[in-house]
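Below: the structure, in structure tokens.
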């Protein structure tokens, strides 16, 4: 299981070739993907989103194991936010990966300092 940061899905939606190829290779290997429900809010919250983009995002979201922001995630996010001074959204995504004991796939350099979680940068 790999936890996808929101930026990976945004790059995919923008048809970023390296991200698209990497994700396709992972699917062919049988890899499964997870994400935080906060990613849903980030993706669908874009003010200029079109109906076509909304439809595509909804299709992608159906392929993910979505992890709710429950009390355990919130507490871990708070701990990570205190230690690393992450933004709240980033701390929730990082907490999701930490609690799942899964690598976090991201292009966001802020996560390089995160310890106890493998970071994959395709």
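Kindly indicate the residue of segment 11-41 that is assigned to a helix (DSSP H, G or I) and under 23 Å from residue 73 (Cα atoms) and also farthest from the chain's Cα centre (by Cα) among those meeting that condition. Spell out how you get there, then give the answer.
Let us first name the residues in segment 11-41 that are assigned to a helix (DSSP H, G or I), namely 11-13, 17-28, 37-41.
Narrowing the set further to residues that are under 23 Å from residue 73 (Cα atoms) leaves 37-41.
Values: 37: 9, 38: 9, 39: 6, 40: 9, 41: 12 Å.
Here the answer is 41.
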Among the residues of segment 10-33, which ones are closer than 13 Å to residue 120 by Cβ and either touching a strand residue (DSSP E or B) at 6+ places or on another chain (Cβ under 8 Å) or surrounded by 12 or more Cβ atoms within 10 Å (Cβ to Cβ) (or both)?
19, 22, 23, 26, 31, 33
Note down all Cβ pairs under 7 Å where the first residue falls in segment 11-35 and is more than 22 Å from residue 46 (Cα to Cα), the second is in a helix (DSSP H, G or I), and they're at least six residues apart or on different chains.
23/12
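Report, by residue number, each residue of segment 69-119 that is in a strand (DSSP E or B) and either surrounded by fewer than 19 Cβ atoms within 10 Å (Cβ to Cβ) or modelled with pLDDT under 95 (or both).
Pass one, segment 69-119, residues in a strand (DSSP E or B): 104-105, 119.
Within segment 69-119, just 119 meets the criteria.
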Inside segment 64-113, can you point out the residues that are touching a residue at least 12 places away in the same chain (Cβ under 8 Å), closer than 22 Å to residue 18 by Cβ and over 13 Å from the mean Cα position of the chain (by Cα)?
110
Residues that are more than 14 Å from residue 1 (Cα to Cα) and in a loop (DSSP other than H, G, I, E, B), drawn from segment 56-68
62, 68
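The values are calculated or read from the model by the stated rules, or taken from the named source; none is laboratory data. Note that this is a predicted model, so its numbers are computed, not measured. Counting neighbours? That spans all protein chains shown, and the Cβs are built from the backbone with ideal geometry, glycine included.
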